Amino acid sequence: MNNKKKIIAIVGPTASGKSALALALAKEYGGEIISCDSMQVYKRMNIGTAKPSALEMSEVRHHLIDVKEPTESFSCEDYVSLASSAIDLVSESGRLPIVCGGTGLYLDALLRGGNSAPSIDTSDIRAELSLRAKNEGIFALYEELLRVDPESAAAIHPNNVKRIIRALEIYIASGEKKSELDKRSKELESPYDATVIYLNYLNRDILYRRIDSRVDSMIKDGLVEETRALMAERVFELNRTASQAIGYKELFGFIEGRESLESAIETLKRATRRYAKRQVTWFSAKDYILPLDADSDNGLKTFEEIVNNAKKLFSV
């Protein structure tokens with residue numbers, strides 16, 4: 001008998017229609033939505049992260065939205081801890097947990113029951129490594145990683161400061177290689193009976209048009225003003241994760257008077273399309289996804305068709 005908690009996950013590239021589908025399924029099955037988005041956890045980062053509207057959140061309960069100040073750090077480990085607790089809470093109330101978002105790393109860690117990193121406090125080690133990176137240069141740390149964990153080093157770009165420090169931090173704290181911990185973690189059986197529905201676009205141009213339309217709507221809804229307010233809080237200076245959020249940094253040039261709004265908008269659209277490509281590559285490589293085509297040879301399918309096809313996948 002399968003005693004695992006049953007969940008649905010709705011994943012896919014940005015602007016693919018994940019949130020609308022998750023909302024429809026939550027209403028159909030009596031579910032609650034657990035966000036799987038690395039930026040929606042931050043308060044006041046609303047328009048740029050495409051958070052659900054107040055109406056949508058009043059119709060269906062959402063979890064892991066607005067749980068952190070934008071100057072606070074938030075890790076994959078933090079996500080797994082909060083998301084697994086939310087799933088337990090929703091399941092125990094007799095409702096269906098529906099995970100929705102496009103942060104593939106978070107979903108992977110959640111589905112395998114947790115992150116492979118040690119649970120002890122490693123903030124002191126991280127601070128020391130960050131200081132060394134500043135004083136000695138990141139390549140010195142990369143060479144050290146090559147010595148202690150060459151497999152992890154091979155998978156990390158020599159300029160990726162955050163990932164190099166994280167791999168060394170794990171090794172110093174636990175005495176084990178991150179690459180070995182990752183291998184063991186992937187061998188663990190998932191604690192969930194998960195149906196992972198991936199919204200797929202056969203015609204990529206349709207997705208790109210949706211992205212362009214979303215960016216235009218974000219600008220109209222006040223994305224420039226939201227970015228200005230966050231810059232005034234020094235959010236992007238104090239939180240490296242937030243500073244990498246697509247939707248904000250592309251507007252810095254306009255706000256600082258270095259380029260036109262039209263140019264900044266085009267940069268934002270281009271960056272979002274590239275991000276969508278990376279998401280497609282990530283999810284397409286996962287053997288746990290069930291692809292759901294949002295379009296056909298005749299163009300975009302109706303929302304009703306998409307919902308009905310998703311329900312068929314969940315009942316398989």
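The values are calculated or read from the model by the stated rules, or taken from the named source; none is laboratory data. Values in this document were obtained by computation on a predicted structure and should not be read as measured data. Cβ coordinates were reconstructed from backbone atoms using ideal geometry, including for glycine residues, and neighbour counts include every protein chain displayed.
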Within the stretch 264-305, residues closer than 14 Å to residue 15 by Cβ, part of a helix (DSSP H, G or I) and among the hydrophobic types (A, V, I, L, M, F, W, C) come out as 268, 271, 276, 280
Within the stretch 244-263, the residues that are surrounded by fewer than 14 Cβ atoms within 10 Å (Cβ to Cβ), small (Gly, Ala, Ser) and either modelled with pLDDT under 90 or not in a loop (DSSP other than H, G, I, E, B) (or both) are 263
The condition from (1) closer than 24 Å to residue 308 by Cβ; (2) assigned to a loop (DSSP other than H, G, I, E, B) that residue 55 misses is numbered (2)
Checking 216, 149 in turn, the sole residue that is crowded, with 16+ Cβ neighbours inside 10 Å, at pLDDT 90 or above and among the acidic types (Asp, Glu) turns out to be 149
| query | Mind checking whether some residue in the stretch 96-114 is free of Cβ contacts under 8 Å to residues at least 24 places away in the same chain and either farther than 23 Å from residue 287 by Cα or assigned to a loop (DSSP other than H, G, I, E, B) (or both)? | reply | no
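Can you tell me which of 71, 103 is at pLDDT below 95, over 17 Å from the mean Cα position of the chain (by Cα) and assigned by TED's automatic domain parsing to the domain that holds residue 209?
71
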Counted residues in the stretch 92-108 being surrounded by fewer than 23 Cβ atoms within 10 Å (Cβ to Cβ) and either farther than 13 Å from residue 61 by Cα or not small (Gly, Ala, Ser) (or both) come to 8
